[in-house]
Amino acid sequence: MNESYYIKGKTGLWEVAIGLELHARIISKAKLFSGSASTFGGDANTQVSLLDAAMPGMLPVINRKCVEQALRTSLALRAKINLHSVFERKHYFYADLPHGYQITQYKDPIANDGELLLDLPNGKIKSVKIERLQLEQDAGKLLHEQNPYTTYLDLNRAGIALMEIVSKPDLSSPEEAKLYVNKLRLIMRYIGTCDGNMQEGSLRVDVNVSVNKPGKPLGTYCEIKNINSVRFIYQAIEQEANRQINILENGCQIYKETCLFDPMKNKIQSMRSKEEAHDYRYFKDPDLPPLVLEQLLIDELNNELPELPDAKKARLMSEFNLSSYDVNILVEDCTVADWYEQLAKQSNPKIAANWMISELFGALNKAGKNLSDSPISPKALSELLNMIENGYISGRIAKTVFAVMFKTGKSAISIVKEKNLSQTLDHSIIENIIDNILIAHASNVKKYKEGKHKLFSFFVGEAIKKSQGRANPNVVNQLLRDKLDS
Amino acid sequence: MNDFLNLSLAEARTRLAARDISSTELTKAYLDRIEATASLNAYITITHEQAMLGAAQSDARLAKGEGGILEGIGIAVKDLFCTNGVQTTAASRILDGFIPMYESTVTTNLWNAGAILLGKTNLDEFAMGSSNTTSYYGAVESPWRSTDAPDKKLVPGGSSGGSAAAVAARSAIAAIGTDTGGSIRQPASFSGIVGMKPTYGRCSRWGIIAFASSLDQAGPMTRTVEDASILLQVMASYDPKDSTSAQAAMPNLLSDLNKSIKGMIIGVPIEYQIDSLPEETSKIWKQGVNWLKSEGADIVYISMPHTKYALATYYIIAPAEASSNLARYDGVRYGLRINEKNITDMYTHTRTEGFGEEVKRRILLGTYVLSSGYYDAYYLKAQKMRNLLYQDFNQAFEKVDTILTPTTPSDAFEIGDNKDDPLKMYLQDVFTVPASLVGLPSISVPVGLSKRGLPIGLQVIGRMFDENSVVRIGRTLERAAQFKAMTAMVEDTTKDE
């Protein structure tokens, strides 16, 4: 296992064990227990119901749409869904938590025992176990920047539905943690349950890190809370693992702590130790009966689930005979894969993959556009690719045509016609060009005839060049052979 | 004037519909009476203008032969129900001046039926208490006085003490309260009126300031069982805004009210015969049994072995839920805020000064029993015991139709008594909490006077959603007891006229 991740300390090699807790904001119109809108970015306190503000006498009512989203996610993670799950109250005082408790799930979450498969860089597949998936409310937001003396409160986010997805400490490197987050985000985007936007806080990650000597049991872990980018997850794990190794190698012990990662300083800071740990006083929320689900609903949702990334990847590889590298790029986004499939159905799939990945993505990147804004449709691109395939234009010319298509949105055919770019099929013209080349390079012709056959490609190149790329290479080849070898 | 004050709700309805009296006259009479009995401190807020305006509108509807079931009748509402545009305090300083911009479902049902808000009645702070002495707005005084110490002020019971005192003193024709562990039935018993707690889930809790969510239920407080039935019929409804609301429709409570109880089986639980039960309570209970027997009911003595744990169970579960429900009163968004330099101090001072002693005691109790390390020993055990109590009742109801018990161990005590002895105060709820923990419908009906001339009530407990049997047995007791006793205060007004 020399591919494994180790950290070299003074006393030898250390292994790292990482577990991740993801908080994923559910895509839904309304909040988990109230009817107010759950869109991101509204003016402060414009999406707040009486319940969200914890007004006296207000009661929560479960939003079934959010439950269905959690079920879809659980199904996509092959988790065991609990037909009977329970909402509990988790208590702590903070101004962004209007009720003084968060409604969450604790002992009986909506799903347990899921699994996520990671494609490791060495080509192997790693299974990461998911311990639980639970539904819970988000908190509001404190605004400190508006006034130096006062903190303001924005409750728009208070009560928005989150899924907390907790992995086992199965991950053994920062790279695997990164792959895990990316894969989980990809799956949720495929099924439309979370947009995964980390900048907007749609996806927030808590990381549990421990270190141990190879062959020894896992160490005591520390939790690093609320990391909001994949890069920071990577850095935070490295920092924390090294911090712990340093402590252990100096003969001290690790105490369970909650920490924050400061990306500016690239440093882990302790938030609270075990002695200061909150006593959350969980108990069943008496305002909410247990969440009881029908197997029928779960079966229905399962049947409606779209093709997931792993399945799509396997299918594209076998159906279109693509490389694993190409497919990984294509399935990275559901819309990309769909786009590709439309293209591949109307043209040579391998050429289609190459063109989409190198030419189209290149042009989109350069223009700062998304695939959805592409000025070229799958059908338009397939027409271009088919012109190459049929020998109507050369690959080189096609790139020129592509550039014009991208710029103007015109069809390949109209551009080729307009600029008279089609490969010249008229033998007499090509013959004329070749005759001129053979005269101009009479000495090379002589050498060729003496046996320097490598010069054949020189003549081909010259002919193509002279034709400005409009001569069909096959025709050039045939004519040259006729003239030189006869 | 006393004519209006001595009307039952049922009689007032008939006379209003017949246009024999007007809502304006009726409402005016009660508003005047509220003023005349102001010393009882039964009301926190009196909605004088709103009530007179409502009465005029009701009269207009009545004149056209229109109007709802409670058209033109003024009702007193416990100040735990949120009322749109009218101060709602839960009798706590922390909510002093709080004006909701929404109306509770139960009161909405009342107003939709044509009822008029007379005012918001006093209560124990956050409905925590059995004496109505813990209110930020001062104690409520019972209109009753004992014959042995007529100069001593007595408690009306609690927590719906203001509602009970108002109905007893005739400053409301009827009132609504809430019952968590006996907060309707115990003050009804102390004040010589009828109080009923329906099945948990019958009345929506939406808009009622929460004390203990798994126990809180709204209910009527009236002078007769018929009035309680009329009022409850209007209060109850399925409410999708309350996830614990019952979908089953409430049967017509009036249809069987006066039917014979011949052949019904009444259970008498032997465990309610506690050692400390005063002889006179025991005697009245036996009297109740005999009345029902002579009306043709079969009496069965039953055992409910876990009864003795009910009170302890209640005083774990209710404070646990309360500690959680009251966490929202933090000075951040509404209500009292004591400004401090940092948020922790702001919380501490706001809650220290905003809550009274009893509320703080229960928050501490609740916080303790939910704490890690104690949760299993207290809260979890209490939940298990709640299940056993549920089984006790289930088994009993295989044999009997309703259960008859005293409502409270004794008659009303003096204001200030039991103040330094919370345990003794909590004992007030010993007979009412079992039905609360199991969510069963139960009613307290005044049936007699103690030696000191104070009212004593009996409690009828029914099966889940069988309010019909409860009011029917209650009505039978009422008819047999012919409880006509009036407080001196009410008699005085009668004489004045």
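The values are calculated or read from the model by the stated rules, or taken from the named source; none is laboratory data. Predicted model, so just to flag it, every value in this text is computed and none were measured. Note that each Cβ is placed from the backbone with ideal geometry, even for glycine, and that neighbours are counted across all protein chains shown.
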Checklist entry - Does A:TYR234 satisfy the condition of being crowded, with 16+ Cβ neighbours inside 10 Å, within 14 Å of another protein chain (Cβ to nearest Cβ) and among the hydroxyl-bearing types (Ser, Thr, Tyr)? => result no
Checklist outcome for this item: Among helices (runs of 4 or more DSSP H) entirely within region A:383-465, at least 3 residues that are among the small types (Gly, Ala, Ser) occur in A:395-408
Next on the checklist: Condition first: more than 14 Å from chain A (Cβ to nearest Cβ), among the hydroxyl-bearing types (Ser, Thr, Tyr) and touching a helix residue (DSSP H, G or I) at 6+ places or on another chain (Cβ under 9 Å). Can you find one or more residues in region B:235-251 that meet it?
Outcome noted: yes
Checklist entry - So which of B:ALA90, B:ALA36 is in contact (Cβ under 8 Å) with a residue 60 or more places away in the chain and either under 22 Å from B:GLY219 (Cβ atoms) or within 14 Å of chain A (Cβ to nearest Cβ) (or both)? => result B:ALA90
Checklist entry - Given A:ILE224, A:ILE245, which one is assigned by TED's automatic domain parsing to the domain that holds A:ILE103, modelled with pLDDT of 90 or more and in a strand (DSSP E or B)? => result A:ILE224
Item to check | Single residue of region B:370-379 satisfying the filter (at the interface with chain A (Cβ under 9 Å from one of its Cβ atoms) and assigned to a helix (DSSP H, G or I)) that is farthest from A:PRO148 (Cα to Cα) | outcome: B:TYR379
Checklist outcome for this item: Exactly one of A:ASP310, A:ASP285, A:ASP299, A:ASP279 is buried (at least 18 other Cβ atoms within 10 Å of the Cβ) and on the phi < 0 side of the Ramachandran plot, and that one is A:ASP285
Checklist outcome for this item: Scanning region A:44-96 residue by residue, the ones that are in a loop (DSSP other than H, G, I, E, B), in contact with a Pro (Cβ under 9 Å, 6 or more places away or on another chain) and away from chain B (no Cβ under 12 Å) total 2
Checklist entry - In region B:27-62, what residues are exposed (fewer than 15 other Cβ atoms within 10 Å of the Cβ), over 23 Å from B:GLY157 (Cα atoms) and acidic (Asp, Glu)? => result B:ASP32, B:GLU49
Item to check | Test result for A:PHE261, within 14 Å of chain B (Cβ to nearest Cβ), buried (at least 20 other Cβ atoms within 10 Å of the Cβ) and within 21 Å of A:ILE165 (Cα to Cα) | outcome: no
Checklist entry - Any idea how many residues of region B:180-214 are more than 14 Å from chain A (Cβ to nearest Cβ) and in a loop (DSSP other than H, G, I, E, B)? => result 9
Checklist entry - Of A:ILE298, A:ILE254, A:ILE245, which residue is over 27 Å from A:VAL86 (Cα atoms) and touching a helix residue (DSSP H, G or I) at 6+ places or on another chain (Cβ under 9 Å)? => result A:ILE254
Next on the checklist: Can you say whether B:VAL289 is part of a strand (DSSP E or B) and touching a residue at least 40 places away in the same chain (Cβ under 8 Å), as far as the supplied structure shows?
Outcome noted: no
Checklist entry - Within region A:291-335, which residues are part of a loop (DSSP other than H, G, I, E, B) and among the β-branched types (Val, Ile, Thr)? => result A:VAL331
Next on the checklist: If A:PRO375 satisfies all but one of (1) without any contact (Cβ under 8 Å) to a residue 40 or more places away in the chain; (2) not in a loop (DSSP other than H, G, I, E, B), what's the number of the condition it fails?
Outcome noted: (2)
Next on the checklist: Looking at region B:434-449, I want the residues that are without any contact (Cβ under 8 Å) to a residue 60 or more places away in the chain and crowded, with 24+ Cβ neighbours inside 10 Å and have a partner that is aromatic (Phe, Trp, Tyr) and outside any helix (DSSP H, G or I) with Cβ atoms under 7 Å, at least 6 apart or on another chain. Which pairs are those?
Outcome noted: none
Checklist outcome for this item: The residue that is nearest to the other protein chains (Cβ to nearest Cβ), considering only those in region B:332-349 that are touching a helix residue (DSSP H, G or I) at 6+ places or on another chain (Cβ under 7 Å) and touching a residue at least 40 places away in the same chain (Cβ under 8 Å), is B:GLY335
Checklist entry - Residues in region A:99-122: is at least one in contact with a Ser or Thr (Cβ under 9 Å, 6 or more places away or on another chain), β-branched (Val, Ile, Thr), more than 13 Å from chain B (Cβ to nearest Cβ) and part of a helix (DSSP H, G or I)? => result no
Next on the checklist: Take B:LYS197 and tell me if it is modelled with pLDDT of 95 or more, surrounded by fewer than 24 Cβ atoms within 10 Å (Cβ to Cβ) and not small (Gly, Ala, Ser).
Outcome noted: no
Item to check | The listed residue being charged (D, E, K, R), part of a helix (DSSP H, G or I) and facing chain A (nearest Cβ under 8 Å), out of B:GLU321, B:GLU358 | outcome: B:GLU321
Checklist entry - Regarding A:GLY469, is this residue surrounded by 12 or more Cβ atoms within 10 Å (Cβ to Cβ) and on the phi > 0 side of the Ramachandran plot? => result yes
Next on the checklist: I need a count of the residues in region B:142-179 that are surrounded by 24 or more Cβ atoms within 10 Å (Cβ to Cβ) and either in a loop (DSSP other than H, G, I, E, B) or of a type in the set (D, E, K, R) (or both).
Outcome noted: 16
Checklist entry - Can you tell me which residue in region A:188-205 is surrounded by the most Cβ atoms within 10 Å (Cβ to Cβ), limited to those that are more than 17 Å from A:LYS141 (Cα to Cα) and of a type in the set (D, E, K, R)? => result A:ARG189
Checklist entry - In region A:401-434, which residues are farther than 21 Å from A:TRP355 by Cβ and either of a type outside the set (D, E, K, R) or touching a residue at least 24 places away in the same chain (Cβ under 8 Å) (or both)? => result A:ASN420, A:THR424, A:LEU425, A:HIS427, A:SER428, A:ILE429, A:ILE430, A:GLU431, A:ASN432, A:ILE433, A:ILE434
Next on the checklist: I'd like to verify a number: residues in region B:420-433 that are in contact (Cβ under 8 Å) with a residue 12 or more places away in the chain and part of a helix (DSSP H, G or I), how many?
Outcome noted: 7
Next on the checklist: Against the definition (surrounded by fewer than 20 Cβ atoms within 10 Å (Cβ to Cβ), among the polar types (S, T, N, Q), under 24 Å from A:LYS183 (Cβ atoms) and not assigned by TED's automatic domain parsing to the domain that holds A:ILE187), how does A:ASN365 come out, yes or no?
Outcome noted: yes
Item to check | Pair list, Cβ < 7 Å and 6+ apart or interchain, from region A:139-163 residues that are assigned by TED's automatic domain parsing to the domain that holds A:LEU50 and of a type in the set (Asp, Glu) to residues that are assigned to a loop (DSSP other than H, G, I, E, B) and surrounded by fewer than 17 Cβ atoms within 10 Å (Cβ to Cβ) | outcome: A:ASP154/A:ALA44; A:ASP154/A:ASN45
Checklist entry - How many residues are within 14 Å of chain A (Cβ to nearest Cβ), charged (D, E, K, R) and out of contact with any Ser or Thr (no Cβ under 9 Å at 6 or more places or on another chain) when one looks only at region B:385-420? => result 0
